[in-house]
Amino acid sequence: MISTSNRAVVDELALRHLDAAYNLGRWLLGNEQDASDAVHDAYLRAARACDTYAGGNARAWFLAIVRNCCLARLAVRHKEKKNVAIDGNPAAAERAMPQGDDDVGDSLDSEQRRSLVAQYLRGLPDVYREVLVLREIEELSYREIADVLETPIGTVMSRLARGRTLLHKALTDNGPTEPPHGL
Amino acid sequence: MDCKTASDLLPLYFDGELDRATSRGFEAHVDACPACRDALVALDALRQALRHEAPRFDAPGALRARVIASAAGMPTPEARQFRVALRPWMAMAASLLLAFVAGGAALAAWQRASSASAVEAQQTRDLFASHWRALAATSPIDVVSTDQHTVKPWFAGKVATAPVVRDFKAEGYALIGGRIDYVGNDRVPVLVYQHGKHLVDVFILPGGGVASDGSPVQMQGYVLERAMLGGQAVAIVSDMDRAELTRFRDLLDSQVQGD
């Protein structure tokens, strides 16, 4: 019977933190389809693993699973990119090229598309982008972020500092009045 | 409080991670220090920009519907009862077994043997992932030092077992620092060496590590090899070529216990 209540807890937890989970997935993977699939995978994994959930911060536990599902997808994506032959296959080459706005911007309205902050955030390496999203947008504490990333708090702090510096530098170097030059 | 201390505490204060007494000390400094105040303002400007301009994506309705549908379609607790009912029984059997064998060693060995290969595969993936993550980070090292007497005490209090730290600079493998990383659920010390242009991670494995047939594992051009360093099981991960790796492993293996 413990299992029944745990499952109910996981279902409730997943639905309550679905926006947070999707937001993380969306920023990591860049598009709606992949982010949705990753979050759905994460829910299935969480539901199967509900017996092993041992208390602690539930949101961090679920987001850690979401993040692992996203990283698995990213790993596959990087592998596919590496293996693609560009010669004589323009379509594949197109897919393998780093994608700018099109990758992410489909459903963004023009105002958000103009936002330099969002654009530079998208341009940051994954490790800095995820920590900034978790801290500044999702407002997780250092401890929760450390649990999600499964890293020491010191690493969270150094990545956060570095990510902020990079983003701040990108914004001040390029000035908010200049038109974006695609990262 | 001086400016150096204050600037170290600044992100902590800004993120609400400082205790109240230290916060008050920090605020007193900021009141008197325009430079620190500006830094705080800059952090806040960045946060406001992020919160207002970087969209928080809400889960699409289709995803919510999918999760709800999956929740309804998952195996019911009745169907799972077989597994669930087994658990208390297994726990009892385990405790009986424990009562009969001296200590828990036999049980641990049995558990290890039953899932050793799965555990080893998982651990191997973890180790490669840690190495790659460290390479991708700004610095693969938390404590930068070429001095083994600096690196070793740094680990004290951060991990359960202090590693044996040796520098092999004379042999061409210079100690450049250490860091803490995760392998499974364990925080483990990692010694970082440099050999030419290659970065070498030596993970001190928890609980003596897992059994292995001793052959190196390769993944995407990186090689993992297990070894012993002063009585502790370690795993070496690097992109060195095979001969250099073997030489390094032999070097580690030749170290005796104690410091």
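A few remarks follow.
- Looking across the range B:155-204, just one residue is within 12 Å of chain A (Cβ to nearest Cβ), touching a residue at least 40 places away in the same chain (Cβ under 8 Å) and not in a strand (DSSP E or B), and that is B:G184.
- Filter result (within 33 Å of the chain's Cα centre (by Cα) and loosely packed, with under 12 Cβ neighbours inside 10 Å) within the range B:9-47: B:G16, B:D19, B:R20, B:A21, B:D44
- Hits in the range A:15-59 (condition: more than 16 Å from B:V67 (Cβ to Cβ) and surrounded by 21 or more Cβ atoms within 10 Å (Cβ to Cβ)): A:W27, A:L28, A:L29
- Of all residues assigned to the range B:131-149, none qualifies as being over 21 Å from A:S158 (Cα atoms), among the charged types (D, E, K, R), surrounded by 13 or more Cβ atoms within 10 Å (Cβ to Cβ) and at pLDDT 70 or above.
The values are calculated or read from the model by the stated rules, or taken from the named source; none is laboratory data. As the structure is a computational prediction, the values presented were derived from the model and not from experiment. All Cβ positions, even for glycine, are placed from backbone atoms using ideal geometry, and neighbour counts span all protein chains on display.
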